[in-house]
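The next block holds one structure in the form of structure tokens; read it before the comments.
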Amino acid sequence: MIRYTLLVLIGLLVTACGEREVQKSLTMVTEATFPPYEFYRGSEIVGIDADIVREVARRNNLKPVIEDMSFDSVITAVQSGKADVAASGITVTEDRKKQIDFTRSYATAQQVIIVPKDSRICGVEGLQGIRLGVQHGTTGDLYVTEHIGQPERFSNGALAVAALAAGKLDAVVLDSAPAKEHVSGNPNLQILPEALTTEEYAMAISKNRPELLEMFNRTLEAMEADGTLARITETYMNASPEKETAGEHAGLWERICTAFYTNFVKDDRWSYLVNGFVVTIEISLAAVALGVMLGFLVAVIRSTHDLTGRFRVLNVLCHAYLTVIRGTPVVVQLLIIYFVIFGSVDVSKVLVAIVAFGVNSGAYVAEIIRSGIMSVDRGQMEAGRSLGLSYGCTMRSVILPQALKNVLPALGNEFIVLLKETSVCGYIALQDLTKGGDIIRSQTYDAFLPLLAVALIYLILVVCLSWLLKKFELRLKKNER
Ligand code: GLN
């Protein structure tokens, strides 16, 4: 069994590593729910920032690679060397300048207030003591926290606007251009004329890459001089991504059909779910395999130590591993593995996720298996040894098979938890199933159908997995007789 697990794991790791780029590339990170600066058109990220970086890459013979991640991670990604440039409608601020270098500015923007059309709020004075939404980590968030009070923080502007449209907020503070886009898709919302701040957008580059900064500044200057910047901006500012809505007097059935068409059929949006599903399965399978191997190893070391007092040092190491992994959230582990441990190494994100979830799951599997080993009667070990079998052989052929059978339901449960835990992959810009649903949501401003579809797919997966485990358990029971 361990041999097959190993083979599956190696196969998946090799596939994951196969994604590496050999050609010299220019990697841009962004948060792609920020139209018109960055948004999805089909499966491609387009927008003012995306087009500017593609043009900079083209003029410098580089291959542009664009990755989507949460806004509060884009600067870290550049600092840690995971990306060359962050272009995400980033406002130049003094605090950010201490962390990274900014290119020359390519746009100006404002922080504006979005309210429902029938709202009584008509300016900044009305913002005190209301339910105010912002995008986490943005200059809007900073302004509101400093001048008004604690806001409700969302992972992107589109979600905050969706919460406002659903009546969960009284107002949202957002950058002017995306605010205009979001409001244009929502006839019940409006932007107040009074803006809170005026800001400059620039791209962020690591302080250790002065040559790259120089290249960007030179190219941006040339693009400004020959009118390319203005042309790109013009193209997107005037062409908002069109939204499909059923007429106001449409019946329920017609509304459902339109919503279904917009969320899944139009622009092949179903493909986000299908591709995400494949990524989720790939990561879950390989992480389960890695987790089982690690778990077995740790469990055998710990229980051998418990039974015989051997492996003292290894036991301490295993104990430390269990304490650290079980004492910290998986999403923090994922971020540490991605940004710190693999910080300066160019490895595939799928591989990072497999390692993170496998190492995490290994700790839980270890304790499950250890409890199984300890639950096998001590007499079994003595019987094996008195038959002349070595300790290892008795463990392998007598104890472990029984232990495994005892803990199968608990192990099955762990696999189910792992499958669902992979839904935090979006933090490192991996497009898993959950992230696929998020992307659809950010394009269609519909929270219900994409979330329902994602939930349904996870549910079906878990039901199938439970069924398989039950069958496996039954087979083991039959063999027993
Ligand atoms: N301009 C804002 C900032 O830099 C928001 C950017 C964004 O949400 N992509 O904080």
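The values are calculated or read from the model by the stated rules, or taken from the named source; none is laboratory data. Here the structure is a predicted model, which is why all the values come from computation and not from measurement. Cβ atoms come from the backbone with ideal geometry, glycine included; neighbour counts cover every protein chain shown.
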Checklist line | Residues satisfying the stated conditions in the stretch 63-111, i.e. β-branched (Val, Ile, Thr), surrounded by fewer than 20 Cβ atoms within 10 Å (Cβ to Cβ) and assigned to a loop (DSSP other than H, G, I, E, B) | finding: Val92, Thr93
Note to self: Of all residues being touching a helix residue (DSSP H, G or I) at 6+ places or on another chain (Cβ under 7 Å) and small (Gly, Ala, Ser) in the stretch 446-460, which is surrounded by the fewest Cβ atoms within 10 Å (Cβ to Cβ)? Just the residue, please.
What the structure shows: Ala447
Check: So which residues in the stretch 461-471 are surrounded by 13 or more Cβ atoms within 10 Å (Cβ to Cβ) and among the hydrophobic types (A, V, I, L, M, F, W, C)?
Finding: Leu461, Val462, Leu465, Leu469
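Could you say whether any residue in the stretch 8-26 is among the aliphatic types (A, V, I, L, M), modelled with pLDDT of 90 or more, outside any loop (DSSP other than H, G, I, E, B) and farther than 17 Å from Glu200 by Cα?
The answer is yes, given that some residue of the stretch 8-26 is among the aliphatic types (A, V, I, L, M), modelled with pLDDT of 90 or more, outside any loop (DSSP other than H, G, I, E, B) and farther than 17 Å from Glu200 by Cα.
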Item checked: Filter result (outside any helix (DSSP H, G or I) and crowded, with 20+ Cβ neighbours inside 10 Å) within the stretch 413-445 -> Ala429, Leu430, Gln431, Asp432
Check: Do we find a residue being modelled with pLDDT of 95 or more and surrounded by 23 or more Cβ atoms within 10 Å (Cβ to Cβ) anywhere in the stretch 140-150?
Finding: yes
Notebook entry, point to check: Of all residues in the stretch 120-171 being among the hydrophobic types (A, V, I, L, M, F, W, C) and in a loop (DSSP other than H, G, I, E, B), which is farthest from the ligand (Cβ to nearest atom)?
Noted result: Cys122
Next item on the list: Just name the residue that is surrounded by the fewest Cβ atoms within 10 Å (Cβ to Cβ) out of those in the stretch 35-53 that are within 14 Å of the ligand (Cβ to nearest atom) and outside any helix (DSSP H, G or I).
Entry: Ile45
Check: Could you say whether any residue in the stretch 179-196 is surrounded by 20 or more Cβ atoms within 10 Å (Cβ to Cβ), β-branched (Val, Ile, Thr) and closer than 28 Å to Ala447 by Cβ?
Finding: yes
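For Val56, state whether it is surrounded by 21 or more Cβ atoms within 10 Å (Cβ to Cβ) and more than 26 Å from Thr197 (Cβ to Cβ).
Values: surrounded by 21 or more Cβ atoms within 10 Å (Cβ to Cβ): yes; more than 26 Å from Thr197 (Cβ to Cβ): yes.
Yes.
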Next item on the list: Please verify whether the stretch 220-233 includes one or more residues that are surrounded by 13 or more Cβ atoms within 10 Å (Cβ to Cβ), modelled with pLDDT of 90 or more, more than 21 Å from Thr33 (Cβ to Cβ) and within 16 Å of the ligand (Cβ to nearest atom).
Entry: no
